[in-house]
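Enquirer: This is the structure I want to talk about, given as structure tokens.
The values are calculated or read from the model by the stated rules, or taken from the named source; none is laboratory data. Fair warning: this is a prediction, and the values are worked out from it, not measured in the lab. Virtual Cβ from ideal backbone geometry, glycine too; neighbours counted across all protein chains shown. Note: areas computed on protein heavy atoms with side chains; ligands, DNA, RNA excluded. Shrake-Rupley method; radii C 1.70, N 1.55, O 1.52, S 1.80 Å.
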Amino acid sequence: MKEDQYILAIETSCDETAVAIVRNETELVTNIVASQIESHKRFGGVVPEIASRHHIEQMTITLEEALEDAGMTLDDMDAIAVTEGPGLVGALLVGVNAAKSIAFAKQKPLVGVHHIAGHIYANRLEKEFEFPLLSLVVSGGHTELVLMREHGSFEIIGETRDDAAGEAYDKVARTLKLPYPGGPQIDRLAQEGEETIDFPRAWLEDGSYDFSFSGLKSAVINRLHKAKQRDEHLKPEDVAASFQASVVDVLSTKALRAAEEYGVKQMIVAGGVAANKGLRAALQEKFEGSETELLIPPLHLCTDNAAMIAAAGAVAYNQGHRAGWDLNANPGLDLELFGGRKK
Amino acid sequence: MNVLAIDTSNYVMGVAVIRDGAVAGEYVTNIKKNHSIRLMPAIDQVMKETSMMPSDLDRIAVAHGPGSYTGVRIGLTTAKTMAWSLGIPVVGVSSLEAVARQGAFFQGYVCPFFDARRGLVYTGLYRSDMTIEKDETNVLMEDWLHQLKELDEPVLLLSQDIAVHEEKIVEILGDQAVLPKAPYHYARPAIIASVAEEKEPGPLHDLVPNYLRIPEAEAKWLEQQEK
Ligand SMILES: [Zn+2]
């Protein structure tokens, strides 16, 4: 009988210090996330230096909590996986050096993981992949459509040309003077409002799967500005609903069109914005009756966590990928090159 | 006692292995190259050359700052996580004290410092028995030098950044200042290990960098609160 395989993973690319253990590529054993959100709130966004300071304070505590929760020791692990990029360099460095230290101390194999590959693989902890599949990745730093023809291979067929969807959410939220983090606040307001303003939708040129949200963001800011000058009262709920309608319309329409063109078996939604209720509802509606199965992970797997890094890391490990002791944080790590790297 | 010492708090990257109290290996570079890429390969090499396995270690010593924020974190993350993985204690040693120890036999005061830009330095003042005379601080070099002047005793100044401040040092301290040659200005990891051997280790999770400075964003935020 084949023995169980355990991967311990670390994720520190932004403001969560996270450690997880995954068994046999797809079974979640433990998933510990120490969030710093309270500490960054007063600054209205993540301050990189402060994030890095929290990571080093939390790292060994979080590691210990994960092992205790799993009732396991480092000796039980087959390999150590870690997010090598993209992300905040100072934050990534804590995770990367912690992972290298465990691997060296216990003489275990080390695997570097792309953060977005992780977001996509979060879904595999819920349901087995069927190829080809497409993933709509939406987060504070990313908006892209990623085609996977097999494990470990990533082809970006569309991406944002300016702001990421999450970035647009944050900027609009700031204009509406909503507390940080703004995305969930807008989603909440939008549930209570109506689409009364016809904001633009950036479809870009025919057949393109790229996105653009900076025009929409400016349109919202201009509209609010104009209302203020005219002393006209715009309900924030309606502004949020109208803005969100534009974003989710473009995202879900392009996702469905891509799914049909590439004939994919699954459409996987990944990244922090996948927690957005408006987006979930729009996608569910669009994909109803489609041949493509729509998969949206549960909330705790949408936001940054290490379980997703363990899931992606396990596949990379079983495909023979190994990082050396010179593994470094790589804030600009490229997803396609990461998938095509040499073993 | 077998100790691994790590220092990446400034440009100098140092790794030392102490076996049964004797220095078995030491690796030091003083170049502007990435500590995150080079530290673990250096540890691997020194351990291999000295025929030591990670499981042979009894303690890890690390320079915990002040210095480059990122550099200090690379060393500390590595030291803490290795120690935690191996179930052994980790001991933090001041990056300034590590430099000061290079002047341990000097008759007078020893002043290690690191340039902190805009006329500021991270510094502290040690007596020749390596007890502290003036606590570590982040201060304007000019103000600090005037404080040293008042002591009216010879001061050995140790710093990689001596050139940046030499003019002011000579101007204010005159003959009181003693400036040795280049090899005395950087911390040796073996010395960090030997200081750590004598210190009582604290709880592992509590070891954090000694930045000597709050982040800029926080300073601005505090300033605004006062308005
Ligand atoms: Zn993310």
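Enquirer: Which one is modelled with the highest pLDDT among residues in segment B:206-217 that are in contact with a Phe, Trp or Tyr (Cβ under 9 Å, 6 or more places away or on another chain) and at the interface with chain A (Cβ under 7 Å from one of its Cβ atoms)?
Expert: Filtering segment B:206-217 for residues that are in contact with a Phe, Trp or Tyr (Cβ under 9 Å, 6 or more places away or on another chain) and at the interface with chain A (Cβ under 7 Å from one of its Cβ atoms), the one modelled with the highest pLDDT comes out as B:Pro209.
Enquirer: Considering only segment B:201-227, state which residues are open to solvent by 60 Å² or more (accessible area, probe 1.4 Å) and in contact (Cβ under 8 Å) with a residue 12 or more places away in the chain.
Expert: Passing the criteria: only B:Arg213.
Enquirer: Taking only segment A:86-99 into account, find how many residues are within 12 Å of the ligand (Cβ to nearest atom) and either open to solvent by 10 Å² or more (accessible area, probe 1.4 Å) or modelled with pLDDT under 95 (or both).
Expert: 3
Enquirer: I'm told A:Ala227 meets every condition in (1) in a helix (DSSP H, G or I); (2) modelled with pLDDT of 95 or more except one. Can you identify the failing condition by its number?
Expert: That leaves (2) as the condition not met.
Enquirer: Now a separate question. Filter segment A:39-85 down to the residues that are open to solvent by less than 10 Å² (accessible area, probe 1.4 Å) and within 16 Å of the ligand (Cβ to nearest atom) and list them by number.
Expert: If the condition is that a residue be open to solvent by less than 10 Å² (accessible area, probe 1.4 Å) and within 16 Å of the ligand (Cβ to nearest atom), then A:His40, A:Ala51, A:His55, A:Ala81, A:Val82, A:Thr83, A:Gly85 are the ones that fit.
Enquirer: Please count how many residues of segment A:135-158 are within 14 Å of the ligand (Cβ to nearest atom), open to solvent by less than 10 Å² (accessible area, probe 1.4 Å) and either among the small types (Gly, Ala, Ser) or within 14 Å of chain B (Cβ to nearest Cβ) (or both).
Expert: So the count comes out to 1.
Enquirer: Which residues, taken from segment A:218-240, are among the hydrophobic types (A, V, I, L, M, F, W, C), free of Cβ contacts under 8 Å to residues at least 24 places away in the same chain and surrounded by fewer than 17 Cβ atoms within 10 Å (Cβ to Cβ)?
Expert: A:Ala227
Enquirer: Continuing with this model, one more query. Which ranges mark the strands (runs of 3 or more DSSP E) fully within segment B:1-70 that have 2 or more residues being surrounded by 24 or more Cβ atoms within 10 Å (Cβ to Cβ) and within 11 Å of chain A (Cβ to nearest Cβ)?
Expert: Strands (runs of 3 or more DSSP E) meeting the threshold: B:3-7.
Enquirer: What residue, among those in segment A:262-279 that are farther than 14 Å from A:Phe243 by Cα and within 16 Å of the ligand (Cβ to nearest atom), is nearest to the other protein chains (Cβ to nearest Cβ)?
Expert: The selected residue is A:Gly272.
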